Amino acid sequence: MKSIIVMLGPPGAGKGTQAKVLAEKLALPHVSSGDLFRDNLKAQTELGKLAQSYMDRGELVPDDVTIAMVRDRLEKADTAQGAVLDGFPRTPPQASALDAMLAELGGEVKAVPYISVPSEVLVERLGGRWSCRAQGHVFHEKYNPPRVPGKCDFDGSELYQRDDDRLTTVERRIRVYVDQTAPLIDYYRERGLLMEIDGTKPIEQVSQQLLQAVA
Ligand code: AP5
Ligand code: MG
């Protein structure tokens, strides 16, 4: 039976940062749809090339390909007990597809932490973010600097700045979030699964709120 945690929140809220903490605590894999697309892009697969055109513009990749990619990931043996989903679902059709796929594969959404952060803060977070090439660990030049500049603390791989973290693309991503993803806040609230987390606090305090909410 899969126990699924869905991390909800705008771009830069800290979904990836906190999903890593939660995944380790709960001994579940961290499944990030954005990282899956970026892995495909790095490997130059057809899916990666298709996704790139949307990601570069800050738009969402179409639901059908996104749903198929996540389904494929949730069929892998390491997710038998569940997963911490980060960046999926991101539209109402993706949320319904997740419910349907879990009914079929055996599992359910257990909790939906919603990390809320105002837009002004998001822009600064994404502008200073450095991401790791190997496993998607994230740092911030001011709020969470790596021990050695340009190098991941966890796996030593190179840190880089994402192309979609440019200001114009960030603004577009925030608009897309408000239009297409924010409706999921009500979707999960109505189902009694939403847990609101104040994402403006320092990283460790956000982790504490989350662990208490999900425990
Ligand atoms: P994706 O990779 O999911 O990006 P996103 O949702 O825009 O979220 P981010 O990864 O930018 O932010 P985050 O919340 O993970 O924040 P982080 O922890 O890094 O998606 C990218 C693209 O892929 C999409 O635009 C779309 O094209 C496509 N895509 C992905 N999923 C899709 C789907 N389901 N459907 C369709 N298309 C999809 O933190 C940000 C920064 O802030 C870091 O530098 C971090 O160190 C810092 N920070 C974190 N927490 C704090 C804190 N509490 N205080 C201070 N700094 C903090
Ligand atoms: Mg992320």
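Given the conditions (1) of a type in the set (Ser, Thr, Tyr); (2) without any contact (Cβ under 8 Å) to a residue 24 or more places away in the chain; (3) farther than 15 Å from THR181 by Cα, which single one is not true for SER131?
(2)
Tell me which residues, restricted to region 1-17, are more than 10 Å from ligand 2 (Cβ to nearest atom) and buried (at least 20 other Cβ atoms within 10 Å of the Cβ).
Correct list: ILE4, ILE5, VAL6, LEU8, PRO10.
Looking at (1) over 15 Å from the mean Cα position of the chain (by Cα); (2) at pLDDT 95 or above, find the lone condition where LEU28 falls short.
Exception for LEU28: condition (1).
Spot the failing condition for ALA68; the list is (1) within 16 Å of ligand 2 (Cβ to nearest atom); (2) more than 18 Å from PHE139 (Cα to Cα), and only one is missed.
(1)
Looking at THR79, THR66, can you tell me which residue is farther than 19 Å from LEU194 by Cβ, near ligand 1 (Cβ under 9 Å from one of its atoms), in contact (Cβ under 8 Å) with a residue 24 or more places away in the chain and surrounded by 15 or more Cβ atoms within 10 Å (Cβ to Cβ)?
Step by step, each of THR79, THR66 is checked, and only THR66 is farther than 19 Å from LEU194 by Cβ, near ligand 1 (Cβ under 9 Å from one of its atoms), in contact (Cβ under 8 Å) with a residue 24 or more places away in the chain and surrounded by 15 or more Cβ atoms within 10 Å (Cβ to Cβ).
Mind checking which pairs have a first residue in region 134-163 that is closer than 15 Å to THR17 by Cα and polar (S, T, N, Q) and a second that is more than 15 Å from ligand 2 (Cβ to nearest atom) and not in a strand (DSSP E or B), Cβ under 6 Å, 6 or more apart or different chains?
Matching pairs, first to second residue: GLN135/ASP155.
Could you list, in sequence order, all residues of region 176-192 that are in a helix (DSSP H, G or I) and either among the β-branched types (Val, Ile, Thr) or surrounded by 12 or more Cβ atoms within 10 Å (Cβ to Cβ) (or both)?
Scanning region 176-192 gives VAL176, TYR177, VAL178, GLN180, THR181, PRO183, LEU184, ILE185, TYR187, TYR188, ARG189.
Considering region 121-175 alone, what residues qualify as being within 15 Å of ARG38 (Cα to Cα), more than 9 Å from ligand 1 (Cβ to nearest atom) and not charged (D, E, K, R)?
CYS132, ALA134, GLN135, HIS137, LEU159, TYR160, GLN161
Which members of region 1-57 meet the condition of being within 15 Å of VAL138 (Cβ to Cβ), more than 9 Å from ligand 1 (Cβ to nearest atom) and either in contact with a helix residue (DSSP H, G or I) (Cβ under 9 Å, 6 or more places away or on another chain) or of a type in the set (A, V, I, L, M) (or both)?
VAL21, LEU22, ALA23, HIS30
The values are calculated or read from the model by the stated rules, or taken from the named source; none is laboratory data. Computed from a predicted structure; not experimentally measured. Quick reminder, even Gly has a Cβ in these numbers, built from the backbone with ideal geometry, and neighbours come from all protein chains shown.
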